[in-house]
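This report refers to the structure that appears directly beneath it.
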Amino acid sequence: MREIRGQHVLVGGMMIVALLLGSWIMSFFPNIDDVRKRPFEHPVGLGSSVELRTGTLKIKKIQATSTVRDPVGKKITTAGIFVVVEYLFTPRQDDRGPRTLIAVDDQGRTFEGASGHISCGTFVPGVPSACTQLVEVATDSAHSGLRLEIPAHERPEGDDVAVLEARELPNVAEYQLQPGHLATAEELR
Amino acid sequence: MSWWRLNRWGLIALIPALAFMLLSSSARVWLLYTNDRFINPRPPSNYVQSLPLGDSATVIVLNVALKSVEDVTGSKELSVPEGARAWLVRVDFEAPVESEIGACQVALHDQHDREFRPSPEHVLKRKIYISTSCDPSPPKDAPLGWKRPAKWTKGWLFVLPADAEPGWLELGWAPPDYIHLPLK
């Protein structure tokens, strides 16, 4: 009887040790949510193109300003800085495409969206759209450059993201926003 | 007595248990990811669609027929960018006057099954609002409480790349059913 009880204690102890060992081993594995949400990053430079899940993106211009004027003439100002990214996007299969612009500064602060933010309009698969995206950042963010992220669709989590390291941001006094439209022959050059 | 023999009933019960587990997780995938997409094509005649209306629901019965598919790239009212073509697709609708035809989603698919949404804003020279839904637009002088007719025609303007040919039209109100209307 004592021998059987001893065996039970031994089995119970071994199970506890196995569970603790398993838990310790699992701590070395990445968290499942982190893996699921990790974006697929694609570096892109000014004037170059990158293939994303939803289509092809080409960066045309990056500028900084404190004043933008929207397509109907309304003036929008900020105490910070508007970073304006102009790009061409050619959707692959349907009307899905980039919907946001995210900026990360060297302190790890994340900025997303801006008042007066503008979309690309209705995407037409196979036909390049000329888009303008804005993000409003803090004044001290742009000194040492910014990391700009353009997700393939709505959110960067678990999706393709074009990553642009913007070292220099040419400043303009005022930026005139254009509504999203299909790219003209001149814009395609 | 061997371990297999000792646990035979448990092992037998495990098979349907695993099957039920697989089915229930599949149902969850179905409900979460597929049931909110237009995945069930239906013919254009006598199309029945149930629509949620707040706490109640309504059922619409529609007959849809293709009227015309026209390449309107050269139209004076349009400015079509290089490498693209504009297509006007017109469709005849028929539905009882008392049926509420809510907003629908319209998409044109080409020969490569690429999906295009109506995009008149890209090519119309005059910046005017054009409904991209299925219900008829009321006439300019429509009185208050105007009711749509039992038969009407609706047209949508699509912009396609020059190499794309219109293949079929998707008209959907609430997933997963939609009208599949061939354009040839």
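Electrostatic tally near A:A79: other residues with Cβ closer than 13 Å to its Cβ, Lys and Arg +1, Asp and Glu -1, net -2. Beta-bridge orientation, chain B: approximately 95 percent antiparallel, per DSSP, counting only bridges with both partners inside.
Where does each of A:V9, B:V89 land when they are ranked from fewest to most other beta-carbon atoms within 10 angstrom? Kindly include the intermediate steps, with their values, before the conclusion.
Values: A:V9 10, B:V89 21.
By the 10 Å Cβ count, ascending: A:V9, B:V89.
Between A:S23, A:S48, A:S129, the Gaussian network model of chain A with springs among Cα atoms under 10 angstrom shows the greatest mean-square fluctuation at A:S23.
Would you kindly state how much longer the chain becomes between A:Q176 and A:D33 on full extension, computed as 0.36 nm times their sequence separation minus their alpha carbon distance, in nm to one decimal? Numbers along the way, then the final one.
On the way: separation 143, 0.36 × 143 = 51.48 nm, distance 4.07 nm.
Length gained, A:Q176 through A:D33: 47.4 nm.
Hey, what number do you get for chain B at 222 nm if only DSSP H runs of n ≥ 4 count, each worth -39500 (n - 2.57), divided across all residues, to the nearest 500? Can you show the working numbers first?
Numbers: 2 runs with 26 residues, N = 184.
After summing the helix terms and dividing by the residues of chain B, the value is -4500 deg cm²/dmol.
Remark: the stretch B:108-150 carries a charge dipole of roughly 300 debye about the Cα centre, counting +1 on each Lys and Arg Cβ and -1 on each Asp and Glu Cβ. Cross-link reach is defined here as a Cα-Cα straight distance under 21 Å, omitting same-chain residues fewer than 8 places apart; for B:K67 the lysines meeting it are B:K151, B:K154, B:K184.
Sort the protein assembly as shown into rounded, prolate or oblate with this rule: let a ≥ b ≥ c be the square roots of the eigenvalues of the Cα gyration tensor; rounded if a/c is under 1.5, and if a/c is not under 1.5, prolate when a/b is larger than b/c, oblate otherwise. Note, shape of the protein assembly as shown comes out oblate.
Over the stretch A:139-189, calculate the relative contact order: mean separation of alpha carbon pairs under 8 Å at least 6 apart, over the residue count, as a percent. Kindly include the intermediate steps, with their values, before the conclusion.
Working: 35 pairs, mean separation 15.1, N = 51.
RCO, the stretch A:139-189: 30 percent.
For A:R155 and B:K67, FRET efficiency with R0 = 51 Å and r from the beta-carbon atoms, rounded to 0.05? Efficiency, rounded to the nearest 0.05: 0.80. If you sort the three axes of the alpha carbon gyration tensor as a ≥ b ≥ c, you get a/c of 1.5 or more for the stretch B:76-184 and a/b no higher than b/c, which makes it oblate.
Longest segment of chain B with no chymotrypsin sites (Phe, Trp or Tyr not before Pro) in a DSSP loop having at most 11 other Cβ atoms within 10 Å? Walk me through the numbers before you get to the answer.
Working: sites that count: B:Y129, B:W146.
Between the exposed loop sites, the longest stretch runs B:1-128.
Among residues other than A:P179 whose Cβ falls under 12 Å from its Cβ, what is the net charge (Lys/Arg +1, Asp/Glu -1)?
That works out to -1.
Can you give the relative contact order of chain A as a percent, counting alpha carbon pairs under 8 Å and 6+ residues apart? If you can, show how the numbers build up before the last one.
Details: 405 pairs, mean separation 47.8, N = 189.
After rounding, I find 25 percent.
Does the stretch B:76-139 come out rounded, prolate or oblate by the C-alpha gyration tensor, with a ≥ b ≥ c the root eigenvalues, rounded set by a/c under 1.5 and, if not, prolate when a/b is larger than b/c and oblate if not? The shape class here is oblate. Quick one: among B:L14, B:L160, B:L88, which has the greatest mean-square fluctuation in a GNM of chain B with alpha-carbon springs under 10 angstrom? Highest fluctuation among the options: B:L14. Loop-located trypsin sites (Lys or Arg not before Pro) in the stretch A:1-88 (DSSP state not H, G, I, E or B) with no more than 14 neighbouring Cβ atoms inside 10 Å: A:K74.
Largest GNM mean-square fluctuation among A:F29, A:F82, A:F40, using chain A with Cα springs under 10 Å: A:F29.
What's the extension gain from B:A150 to B:L124 if we count 0.36 nm per residue and subtract their Cα-Cα distance? Present the calculation step by step, with values, prior to reporting the outcome.
Details: separation 26, 0.36 × 26 = 9.36 nm, distance 2.94 nm.
Once the chain is fully extended between B:A150 and B:L124, it gains 6.4 nm.
Of the trypsin sites (Lys or Arg not before Pro) in the stretch B:65-152, which ones lie in a loop per DSSP and count no more than 16 other C-beta atoms within 10 Å?
Working: sites: B:K67, B:K76, B:R85, B:R90, B:R114, B:K125, B:R126, B:K127, B:K140, B:K147, B:K151; in loops: B:K76, B:R114, B:K125, B:R126, B:K127, B:K140, B:K147.
Passing both the DSSP loop test and the Cβ count: B:K76, B:K125, B:R126, B:K127, B:K140, B:K147.
Every read-out reported here was derived from the displayed coordinates using simple, explicitly stated rules and does not represent laboratory data. Remember, it's a predicted structure, so these values are computed and weren't measured experimentally. Heads up, the Cβs are rebuilt from the backbone with ideal geometry, glycines too, and the neighbour counts pull from every protein chain shown.
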